[in-house]
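Note sheet for the following structure.
The values are calculated or read from the model by the stated rules, or taken from the named source; none is laboratory data. Predicted, not measured: the structure shown is a model, and the values here were computed from it. So basically every Cβ, Gly included, is an ideal-geometry build from the backbone, and we count neighbours across all protein chains shown.
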Amino acid sequence: MNSTEKCKVSLPANEDCITYKSQFVGLDDKPHDTKCLLCDTKFVLPDNEKDFLTHLFKEHRLVIGDVWNIASLKSYVHYWGVKLKEEPLVKYCTTLLMNCTPDGKPSENEKYFLLSDCISEDKVLRDEIHKAKLEWVLSEQARERTDTGFKRGCIFCRMEFSGLRITYVKHLAQKHNLYLGKPDNLVFIDEFLDKIQTTIENLICIFCEKLFKDRTALKEHMRKKLHKRINPTNTEYDKFYVNNYLEPGKSWKHRQSNCNENNEVEDQNSENEDEDTWSDWNDEGIGILCLFCSYSDKHFHQVLIHMKTEHNFDFKIASKDLTFYQKVKVVNYVRRQIHLQTCVFCETKVENILQHMKEENHFKIPPQKTWDQPVYYFPMSENESFLYNLDTSSTSDEESDIENPTELVYEKPKE
């Protein structure tokens, strides 16, 4: 490991400049010409990773084991490229005998090589690259947190921002209900925002990536389908979240696979959606479930009547002063509490939750601070038909630009 890369981290003008030093070349994910380990052929990594690995196999009969666990393939290739100029493959690789050539033709005892962390030097290398990559990411995040030179106009309204990036991120969440995640988990924010803005300007939904005919259609789709969020299965966004760098080869989705099991495929109704009418939003074939019990009906007004007569809860009156997205949060909050057998109003956990709420007259919405949190933007189920029927007459993001920026109060969302 005899080469050094300097990653400069610029701080505000009144502070000294910090230089992050690493012994590895190419820790960032920027495309760069990278020479093959064993010849002079160059590949743009990480963009052409598949072509590069195919070249190694067909031309050199070399396979890199668990390549997805390598934090920076460019750094890994550079290191072994230097080492293998001086030593033969057999010194660092496991030799395998197979009965076919690289193009699949039968042939006995064909020799192949496996470069993997079975070799102690390779394992140490992978661990050190991962550590260096994480340190570099954290240094970039630290720069972004303190840099006051940020300037950007809002994607949705006419507000202009300058100063800290966190102010802009909170504005998107609080005023436009676009929740990118916990601010402390974000990194490479400028690139992240560029990607989101470009996607929206191209009339593409950032969650399902469906193309729409105009901005109004896109806006209504993202609001109705609750698609103002990042799709957890879209790996293109992984680089913008610090927790994806914590374990080699494991993003946060792998560590929370049980929680995300039902979110791996977008619901079929969304995929078959008609751009002009979005008829599936009010599809009478979809049962609408009561917020408190197992009663369901295909007609929304019947469900409202049921809740009023059986649970003494008038949803229309209870939510009459709420905006569309506040209603969404209330519904998702109630769903979660009932699922956890916890009282909606007093948050007491009891075995017979409905009996408790009836006896205590707790079929009512609690104070706003209890449910008005970013986590309740997201439903427990992708097929939450109750949400499809909410009244959308309330003012929403782009329908009213913010006229008095000085009235904005930025508070850290309660997690």
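Things worth noting here:
- Selected residue (criterion: modelled with the highest pLDDT) from residues of segment 368-400 that are crowded, with 16+ Cβ neighbours inside 10 Å and among the aliphatic types (A, V, I, L, M): 387
- Taking the listed residues 202, 109, the one that is surrounded by fewer than 18 Cβ atoms within 10 Å (Cβ to Cβ), at positive phi, out of contact with any Pro (no Cβ under 7 Å at 6 or more places or on another chain) and free of Cβ contacts under 8 Å to residues at least 24 places away in the same chain is 109, with no other qualifying.
- Only a single item in (1) outside any loop (DSSP other than H, G, I, E, B); (2) of a type outside the set (Ser, Thr, Tyr); (3) modelled with pLDDT under 80 is not met by residue 56, and it is number (3).
- Output for segment 355-367, where each listed residue is assigned to a helix (DSSP H, G or I) and surrounded by 12 or more Cβ atoms within 10 Å (Cβ to Cβ): 356, 357, 358
- Which listed residue is surrounded by 12 or more Cβ atoms within 10 Å (Cβ to Cβ), in a loop (DSSP other than H, G, I, E, B) and of a type in the set (D, E, K, R), from 103, 117: 117
- Among the numbered conditions (1) over 30 Å from residue 82 (Cβ atoms); (2) within 23 Å of the chain's Cα centre (by Cα); (3) surrounded by 16 or more Cβ atoms within 10 Å (Cβ to Cβ), the only one that residue 136 does not meet is (1).
- Residue among 165, 215 that is of a type in the set (Lys, Arg) and in contact with a helix residue (DSSP H, G or I) (Cβ under 6 Å, 6 or more places away or on another chain): 165
- Checklist (1) surrounded by fewer than 18 Cβ atoms within 10 Å (Cβ to Cβ); (2) at pLDDT 90 or above; (3) among the polar types (S, T, N, Q) applied to residue 323, failing item: (2)
- Restricting segment 139-182 to residues that are assigned to a helix (DSSP H, G or I) and farther than 28 Å from residue 227 by Cα leaves a set whose member that is farthest from the chain's Cα centre (by Cα) is 146.
- Of all residues in segment 138-165, those being touching a Pro at 6+ places or on another chain (Cβ under 8 Å) and either within 24 Å of residue 324 (Cβ to Cβ) or without any contact (Cβ under 8 Å) to a residue 40 or more places away in the chain (or both) number 1.
- Checking residue 127 against (1) in contact (Cβ under 8 Å) with a residue 60 or more places away in the chain; (2) closer than 20 Å to residue 36 by Cβ; (3) not small (Gly, Ala, Ser), the condition it does not meet: (2)
- Residues that are within 14 Å of residue 83 (Cβ to Cβ) and surrounded by fewer than 16 Cβ atoms within 10 Å (Cβ to Cβ) were ranked within segment 120-133; the one that is nearest to the chain's Cα centre (by Cα) is 124.
- The one condition from (1) touching a residue at least 24 places away in the same chain (Cβ under 8 Å); (2) assigned to a loop (DSSP other than H, G, I, E, B); (3) surrounded by fewer than 16 Cβ atoms within 10 Å (Cβ to Cβ); (4) of a type outside the set (A, V, I, L, M, F, W, C) that residue 26 does not meet is (3).
- Any hit, segment 212-230, residues being at pLDDT 60 or above, assigned to a loop (DSSP other than H, G, I, E, B), within 22 Å of residue 184 (Cβ to Cβ) and not β-branched (Val, Ile, Thr): yes
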